[in-house]
Amino acid sequence: MGNQQTVLTKRSIDTPSGRIALMSMATPVTPQTLYADRLESAIGTLLLIHDREGHMRALDFHDFESRMRRLLRFHYGAEGNDFAIEDRAAPTAIRRAISDYFLGDLCAIDSIPVTTGGTSFQREVWAALRTIRAGTTLSYGALARQLGRPKSVRAVGLANAANPVAIVVPCHRVIGTDGSLTGYGGGISRKRWLLVHEGVALEKFATRHIPEAP
């Protein structure tokens, strides 16, 4: 558990000599505790971040842990002050669902509960991603139109790229308008593997070479 923060509050009172300011200490704020687990998969070790309610907060690949932690800090504040991460096994239902997905039960991950930070627009995009069925893809433009924001293709793309929960929130199912695979935070080879695993006929798609996020 991380250290508690001491929060100072300020109030004013009127006296015969005038108004004076008083400072007082409020109840200390305890950092939110998140839990980390690891799960082996066909495309590398997965890092699972979950909370005490059993909701997934983040999912990424072991070789992109620094990016995952950067996203957590962006969503939840300073690590150690605003949130802390402890090692703890994820709920059995989450581990089983992810394992079943890699074994071929592609819909197993649909029931995993997810809670994220982010802006209201980002959460809207991420919710829409979960409506894309396994074995199908959607272009950034089509996703923007589905959201009723046809002129926000770039913003939709940025929100897609900032998705903290890989695979379960399937940003890998979004492709370029020209049918190219474009980039993927976990690496373009993993995006290709996931789509093939889900039954997408990749011979239709070209791969646009875009530098992958560190």
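Every read-out reported here was derived from the displayed coordinates using simple, explicitly stated rules and does not represent laboratory data. If you're wondering where the values come from, they're calculated on a predicted model, not measured in any experiment. Please note: Cβ atoms are built from the backbone with ideal geometry, for glycine as well, and neighbour counts cover all protein chains shown.
A compact table of results
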| read-out | value |
| --- | --- |
| Per-residue ³J(HN,Hα) for the stretch 118-126, Karplus 6.51 cos²θ - 1.76 cosθ + 1.60, θ = phi - 60°, Hz, x for Gly and Pro | x, 7, 4, 5, 4, 5, 5, 5, 5 |
| Cut-off 15 Å between beta-carbons: net charge of the residues surrounding Ala127, Lys and Arg +1, Asp and Glu -1 | +3 |
| Residues with amide H under 5 Å from that of Met56, placed H, sequence gap 5 or more | Val114, Thr115 |
| Counted charge near His172, where neighbours are those whose Cβ lies closer than 12 Å (Asp, Glu -1; Lys, Arg +1) | +3 |
| Added length on full extension, which subtracts the Cα-Cα distance from 0.36 nm per residue, Phe121 to Asp87 | 9.1 nm |
| Fully extended contour minus Cα-Cα distance, from Thr45 to Ala201, at 0.36 nm per residue | 53.6 nm |
| Distant-in-sequence amide H partners of Phe61 (H built 1.01 Å from N, under 5 Å) | Leu47 |
| Contact order normalised by residue count of the stretch 61-192, Cα under 8 Å, 6+ apart, percent | 21 |
